Each structure stands twice: as C-alpha cells, then as structure tokens.
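The structure appears right after this line, and notes come after that.
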Amino acid sequence: MSIGVAILGATGSIGASTLDVIARHPDHFRCVAVSARSDIDGMLAICRRHRPELAAMSDPEAAATLAARLRAESIDTEVVPGEAGLLAVAEHPAAEQVMAAIVGAAGLLPTLAAARSGRRILLANKESLVMSGALLMDAITAGGGTLLPIDSEHNAIFQCLPSDFRCGEAPAGVDELLLTASGGPFLDTPLEQLAAMSPDAACAHPNWVMGRKISVDSATMMNKGLEVIEAAWLFGLPAERIRVVIHPQSVVHSMVRMADGSVLAQMGEPDMRTPIVYGMAWPQRLDGGVRPLDLVNAGPLDFREPDLARFPCLLLARQALQAGGAAPLVLNAANEVAVDAFLAGHLGFTEIAEVIEHCLTQAASNQLPETVDGIVAMDVDIRRIAGEFIGGPEGRRRHA
Ligand code: NAD
Ligand code: MG
C-alpha cells in the first residue's frame with residue numbers, strides 16, 4: 001500500500017518538487033490532499049495529474065472557480081475554501097506524511113495542526129519554527145509524530161548525525177554545525193550598487209530556483225539568518241555553535257564538526273528533490289530524479305567568512321536568536337513585510353534591513369506569547385509597525 005502524502009503549498013517550488021517525487025514513485029507514494037492560495041490553473045493541473053481527495057484554496061473565489069472547473073471535467077476532488085481548507089489538508093486522515101511548504105507566517109497554523117496530528121512532518125516552512133519554535137516542537141512531541149527537516153542545510157546536517165538522532169534533541173558528540181550559504185546573487189556586487197538592486201536581480205539566484213520570497217531572503221542572507229534560528233530549534237544548540245560559511249558553489253549543503261575533529265558533510269547537486277525524497281523515504285533511500293554530482297567537473301569548492309557589512313540581515317537574525325523572547329518572531333514578521341514591499345517596488349533593497357532593525361528596536365521588550373493566538377496577534381502587530389515605518393512620514397523613501 002502506498003503512503004499518503006498531503007502537501008501544504010502544492011503550487012509552489014517545493015510543492016512542485018514534491019509532486020515530481022510522488023510521480024516518480026507511484027508504488028510508494030500517492031498525493032491525497034493539496035493546498036494553495038489562489039493559483040487555479042496550477043491546482044487544476046495537479047488535480048488532473050494526481051487526483052487528490054481534497055484540494056484547499058485559501059482564496060474563496062479561487063476555490064469556487066476551481067470547484068466548477070473540476071466538476072466540468074468530472075474530477076471528484078473535494079474543494080474546501082479558506083483557513084478551514086488548509087487545516088483539512090494538514091489533518092487529512094489518509095495522509096501519513098505532510099509536506100509543510102507554505103511560504104511565511106501563513107504556514108504557521110496548518111503546520112501546527114499537522115504537527116499535533118502525529119504524522120511525519122516534512123518541514124520546509126522555516127518561518128513557523130522561527131516564529132514559534134517552542135510551540136511547534138511541543139506540538140510534534142504531543143502528537144507523537146516525526147519531524148524531518150527539508151531545508152537543504154538542515155537536511156544535510158540531519159543526514160550527518162547518528163541514525164538514532166531525532167529533531168529537538170541535542171546531538172551527542174557534536175561541537176559545531178557549519179551551515180553553508182551560497183551568498184546569493186549579490187555576493188560580489190560592489191556595495192554602493194546594492195541599494196539600487198531590482199526585485200528581478202534579487203530573485204536571480206545563481207544556483208537554486210525557488211519562490212520569490214526565499215530568493216530575496218537569499219540575496220539579503222536573511223534566509224541564512226532564519227536558518228541559524230531554525231537549526232537552533234532542530235538541533236538544540238546555542239547560536240555560538242552554529243556557524244555560517246559562504247560556499248558559492250552550493251555543492252556542500254552543510255557540515256557537522258564532531259568532538260573528535262571529524263567534519264562530516266553532505267554533498268549533492270543543488271536540487272531540492274534530494275532533501276524531499278530523503279524525508280519522504282527515510283530511513284530508506286529512493287531516487288529523486290536528481291542528476292549525479294560530478295565532483296571532477298564541479299570545479300574548485302570555495303569557503304569564506306560572511307561579510308556582515310554586506311549582509312546586515314544575517315547579523316540581525318543572530319542578535320534576535322541571542323536576545324530570545326519575541327525577537328525572532330519580530331524579525332520574521334518585519335522581514336516578510338519588508339520583502340513584500342521590496343517585491344512590490346515600494347522599498348529599496350538595502351532598506352529591508354532598516355525596516356527589520358526598526359521593528360526589533362520598537363519591540364525590544366516584547367515577551368513571547370505562550371499561546372498560538374498570542375503569537376498570531378503579535379505577528380499582526382509587528383506587521384502594522386513595519387507597514388507604518390515603510391509608508392509613514394518618518395518612513396522610508398517610496399520607490400514606486
Ligand atoms: P513558493 O512561493 O514557490 O510557494 C509558496 C506556496 O505557498 C504556494 O503553493 C502558495 O500558493 C502558498 N501560499 C503562499 N501564501 C499563502 C497564504 N497566505 N495562504 C495559503 N497558502 C499560501 O515558495 P517556495 O519556494 O516553495 O517555499 C516554500 C517554503 O519552503 C518557504 O517557507 C521557504 O522558505 C521554504 N524553502 C524553500 C526552498 C526552495 O528551494 N524553494 C528551500 C528551502 C526552504
Ligand atoms: Mg536552505
């Protein structure tokens with residue numbers, strides 16, 4: 001009997017790679033439930049190909065249109081709109097695994113619901129861990145399921161740890177985690193040119209093809225900052241023992257330095273189907289359609305220290321992790337608003353860090369709420385502060 005997989009964020013970059021892995025292994029996996037925000041054509045194509053039992057669309061009008069088009073084609077996938085639809089996908093009774101691949105804070109509630117329901121959680125949505133790591137890790141424990149990291153760096157580290165290691169524990173015998181970072185498209189751009197960089201330039205990642213939000217995060221290196229916080233939750237280590245190393249070729253996906261001096265690395269082509277098929281097949285191994293790594297022709301592999309003057313977002317994220325409390329939540333919310341404004345042409349590239357710094361200063365004394373409702377309310381509040389800073393009189397220049 002094949003394993004049922006539900007995909008939150010099925011029309012995105014991670015969603016597409018997950019569906020590709022499922023299509024390669026119809027004997028192992030079947031897609032039972034999918035969600036998206038508003039991409040009707042994308043969902044229709046998925047329903048035609050995979051015939052899931054349930055399709056959720058958070059945009060109600062998109063849901064109604066999808067339902068009509070499915071009826072017209074006699075496809076009997078049930079469509080559920082809104083937040084209820086996302087939760088129905090997260091808790092779908094036929095899903096043994098849930099891929100959490102919605103981008104941003106919008107993924108928090110469905111990811112938490114999936115965690116509580118005790119399935120295998122394949123976690124791509126790093127923002128939910130950054131916003132409320134304690135709640136999510138507690139939900140996994142309470143649900144009794146397994147959390148497997150899909151973010152390529154964390155998946156690499158997981159692969160380097162002993163086979164009985166489970167996320168949330170502190171791994172024995174480990175001195176330091178080395179998170180590799182490509183440095184993004186602006187690694188060597190003259191500093192004085194950064195302010196004028198366009199959304200398309202920021203999204204032109206040299207090695208990975210990804211959604212636009214994470215692409216901008218890679219250009220600012222906030223992505224690596226979020227990943228340091230993600231690693232702290234997954235691997236139970238403090239900030240000082242999580243080091244970031246620039247590695248422009250994206251061949252080494254991360255490393256673990258052990259107490260005995262051994263450094264273990266996981267390598268491969270920069271293709272998210274490796275961590276995805278690893279998570280889905282774990283503890284077995286399956287072919288994910290990834291091109292074999294050819295080290296002889298990969299060229300030299302370089303490693304360098306990140307330049308924090310070029311990448312202030314990485315520094316802000318480290319400071320937020322060290323400050324603890326609500327700081328990571330504030331960092332994430334401010335970043336999401338700033339990246340949206342940048343992608344919409346309302347904010348300059350280097351102003352992203354200024355928005356985040358402003359919000360961190362404004363909310364410096366905030367305590368992290370203990371409930372999900374409190375977390376969501378604070379997220380909304382920080383978004384308001386960030387929006388006012390971007391649009392308000394004391395705010396930034398408008399580029400539109
Ligand atoms: P994407 O933009 O390509 O796709 C996002 C998906 O989320 C889409 O299906 C979209 O419909 C859905 N979505 C967006 N906003 C929503 C909302 N408000 N409500 C409900 N659904 C919504 O993003 P992606 O690149 O696939 O990234 C997804 C997640 O995986 C992110 O958290 C990202 O950080 C993480 N991740 C991605 C990659 C990658 O290679 N793309 C690598 C590591 C981690
Ligand atoms: Mg990553």
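The values are calculated or read from the model by the stated rules, or taken from the named source; none is laboratory data. Source: prediction; values computed, not measured. Neighbour counts are summed over all protein chains in view; Cβ atoms, including those assigned to glycine, are modelled from backbone coordinates with ideal geometry. Protein only, heavy atoms only, side chains kept; ligands, DNA and RNA dropped before computing areas. Shrake-Rupley method; radii C 1.70, N 1.55, O 1.52, S 1.80 Å.
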Leaving out ligands, DNA and RNA, what percent of the accessible area of the chain is carbon and sulfur, probe 1.4 Å? 52 percent
Apply the Karplus curve 6.51 cos²θ - 1.76 cosθ + 1.60, θ = phi - 60°, to the phi angles in segment 91-100 and return the couplings in whole Hz, x for Gly and Pro. 10, 4, x, 8, 9, 8, 10, 10, 7, 9
Scale the Cα Rg of segment 47-205 by the rule-of-thumb value 2.2 N^0.38 Å and send over the ratio, two decimals. 1.30
Taking 8 Å as the Cα distance limit and 6 or more residues as the minimum spacing, I'd like the relative contact order of segment 231-348 as a percentage. 21 percent
Long-range alpha-carbon pairs in segment 157-240, meaning those over 18 Å apart, account in percent for 51 percent
Strictly greater than 27 Å: what percent of every Cα pair in segment 247-400 meets that? 48 percent
I'd like the distance between the alpha-carbon centres of segment 193-224 and segment 339-363, rounded to an integer number of Å. 14 Å
Taking the chain as a Gaussian network, Cα atoms linked when under 10 Å apart, which of N366, N223, N155 shows the biggest mean-square fluctuation? N366
Largest first and to the nearest Å, give the Cα extent of segment 244-333 along each principal axis. 41, 32, 31
Among G107, G42, G184, whose mean-square fluctuation peaks in a Gaussian network model of the chain (Cα, cutoff 10 Å)? G42
For a quick size check, give me the Cα extents of segment 84-169 along its three principal axes, largest first, whole Å. 38, 24, 20
How much area per residue is accessible in the chain when the probe is 1.4 Å and only protein heavy atoms are counted (Å²)? 41 Å²
Taking H as built 1.01 Å from N, whose amide H comes closer than 5 Å to the amide H of I3, not counting residues under 5 places away? F29, R30
From the Cα gyration tensor of the chain, with a ≥ b ≥ c the square roots of its eigenvalues, which class applies: rounded if a/c is under 1.5, or else prolate if a/b is larger than b/c, or else oblate? rounded
With a 10 Å radius around each residue's Cβ, average the other Cβ atoms per peptide and rank 3-16, 285-298, highest first. 3-16, 285-298
Orientation-averaged projected area, Cα convex hull of segment 1-123 (nm²): 6.5 nm²
Could you sort the peptides 111-120, 142-151, 226-235 by per-residue average Cβ neighbour count (10 Å cutoff), highest mean leading? 226-235, 111-120, 142-151
By what distance, in whole Å, do the Cα atoms of segment 172-287 stretch along each of the three principal axes, largest value first? 46, 35, 23
